[in-house]
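Only one structure is covered here, and it is reproduced in the block below.
The values are calculated or read from the model by the stated rules, or taken from the named source; none is laboratory data. Here the structure is a predicted model, which is why all the values come from computation and not from measurement. All Cβ positions, even for glycine, are placed from backbone atoms using ideal geometry, and neighbour counts span all protein chains on display. Remember, those area values only see protein heavy atoms, side chains included, never the ligands or the DNA or RNA. Shrake-Rupley method; radii C 1.70, N 1.55, O 1.52, S 1.80 Å.
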Amino acid sequence: MNKFLVIGNPIDHSLSPKLHNYWMEKNNINAIYEKEKLNSNNLQNFILNIKNKNICGANVTVPFKKEVIPYLDKLTPDAEATQSVNTILLDNEDKIIGHNTDIGGFENAIKFTKYDFKKKKVFLLGAGGVVPSIIFALNKMRVSSITLSNRTKKKAEDLQKFSNEKMLKNNKLSEIVVVNWGVIPEFDIVINATSVGLNNNQKLDLDFSNISKNKFFYDVIYNPKETKFLKTGKDLGNQTENGKKMFIYQAAEAFKLWHNIQPEINEEVIELLDQ
Ligand code: ATR
């Protein structure tokens, strides 16, 4: 049977199999989608399995989105710019192609909220695997500025340098600034792209109590549905949105690439991920 996989480490939490298997069944595609925990030293062998057609395609999650790149034959321009791959497929010429559907996932999720990001000031927390894709998308949305903050400041500074000099280069539309962890700059939109909140008891050690209302709090995390970060935003009178739609839209884009079918996104799909 045709097999698709999501690879990462850890991988237990991944809901990708649930979503892809649901869509495959709905579309009468005779294949299976599984998850596999890998170590860095298995990556090359894993890619060989795609080349040899033992595996039809794969999603890649933390911490391999960048690490997988040397083993691929070609990257799409977005994957190349962000140096981040979350979807892999074999093309008609048997070349292994790395795509980035996180960018489109984030863009579509934001479109769905109907909140206009243009000319807004964004405060972005974290510097991990998904952050280059978010910066890339925010720049496309023409936000006025992106203030980056990460517990380990050096990583935010490296990302700022990478964004300015490589990722956005001549297409740079938004200013990128770095502040120390703990500093709350003026912002319209705050995005949590750290892993804090995945565990229900965790709370970011940031104090938002002095901000005014009518801001937008976005969390990349979707499980739990409402992190402490989103609850704080809501309690202070702000609009909030979790990462569920980003997750669904990145998966839909991958599904389209593999099966050439646009899967339906409806209430049933949205609810599927709550179970
Ligand atoms: P990776 O860094 O391997 O890509 P990730 O889950 O995408 O993994 O990123 C984790 C992010 O959450 C990082 O930005 C991390 O900050 P550090 O770079 O300082 O490690 C952030 N993070 C994790 N635990 C945190 C905490 N307790 N407080 C603040 N930030 C935290």
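Tabulated data
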read-out: Which numbered condition residue 242 fails, given (1) closer than 25 Å to residue 84 by Cβ; (2) touching a strand residue (DSSP E or B) at 6+ places or on another chain (Cβ under 9 Å); (3) open to solvent by 70 Å² or more (accessible area, probe 1.4 Å); value: (3)
read-out: Residues that are part of a loop (DSSP other than H, G, I, E, B) and of a type in the set (S, T, N, Q), drawn from the range 180-208; value: 180, 194, 195, 199, 200, 201, 202
read-out: Residues that are closer than 20 Å to residue 138 by Cβ, among the β-branched types (Val, Ile, Thr) and open to solvent by 20 Å² or more (accessible area, probe 1.4 Å), drawn from the range 197-236; value: 211, 220
read-out: Number of the condition not met by residue 177 [criteria: (1) assigned to a loop (DSSP other than H, G, I, E, B); (2) in contact (Cβ under 8 Å) with a residue 24 or more places away in the chain; (3) more than 30 Å from residue 6 (Cβ to Cβ)]; value: (1)
read-out: Leading residue by the ranking (farthest from residue 247 (Cα to Cα)) among those in the range 100-116 that are more than 11 Å from the chain's Cα centre (by Cα) and surrounded by fewer than 22 Cβ atoms within 10 Å (Cβ to Cβ); value: 116
read-out: Whichever residue in the range 116-145 is touching a strand residue (DSSP E or B) at 6+ places or on another chain (Cβ under 9 Å) and among the charged types (D, E, K, R) and, among such residues, is nearest to the ligand (Cβ to nearest atom); value: 121
read-out: Test: residue in the range 191-204 that is in contact (Cβ under 8 Å) with a residue 24 or more places away in the chain and more than 16 Å from the ligand (Cβ to nearest atom); value: no
read-out: Extreme residue, surrounded by the fewest Cβ atoms within 10 Å (Cβ to Cβ), among residues of the range 172-181 that are more than 10 Å from the ligand (Cβ to nearest atom) and farther than 17 Å from residue 117 by Cα; value: 180
read-out: Criterion (surrounded by fewer than 22 Cβ atoms within 10 Å (Cβ to Cβ), farther than 24 Å from residue 250 by Cβ, within 16 Å of the ligand (Cβ to nearest atom) and not aromatic (Phe, Trp, Tyr)) met by exactly one of 153, 169; value: 153
read-out: Selected residue (only one of 174, 149 is at negative phi, among the small types (Gly, Ala, Ser) and at pLDDT below 95); value: 174
read-out: Unmet requirement for residue 249, which otherwise passes all of (1) more than 16 Å from the ligand (Cβ to nearest atom); (2) under 20 Å from the mean Cα position of the chain (by Cα); (3) surrounded by fewer than 18 Cβ atoms within 10 Å (Cβ to Cβ); (4) not hydrophobic (A, V, I, L, M, F, W, C); value: (3)
read-out: Meets criteria (more than 15 Å from the ligand (Cβ to nearest atom), under 19 Å from residue 220 (Cα atoms) and surrounded by fewer than 19 Cβ atoms within 10 Å (Cβ to Cβ)) for residue 76; value: no
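Residue-by-condition table, conditions (1) within 24 Å of residue 238 (Cα to Cα); (2) touching a helix residue (DSSP H, G or I) at 6+ places or on another chain (Cβ under 8 Å):
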{"site": "122", "(1), (2)": "yes, yes"}
{"site": "142", "(1), (2)": "yes, no"}
{"site": "158", "(1), (2)": "no, no"}
{"site": "169", "(1), (2)": "no, no"}
{"site": "172", "(1), (2)": "no, yes"}
{"site": "195", "(1), (2)": "yes, no"}
{"site": "213", "(1), (2)": "yes, no"}
{"site": "217", "(1), (2)": "yes, yes"}
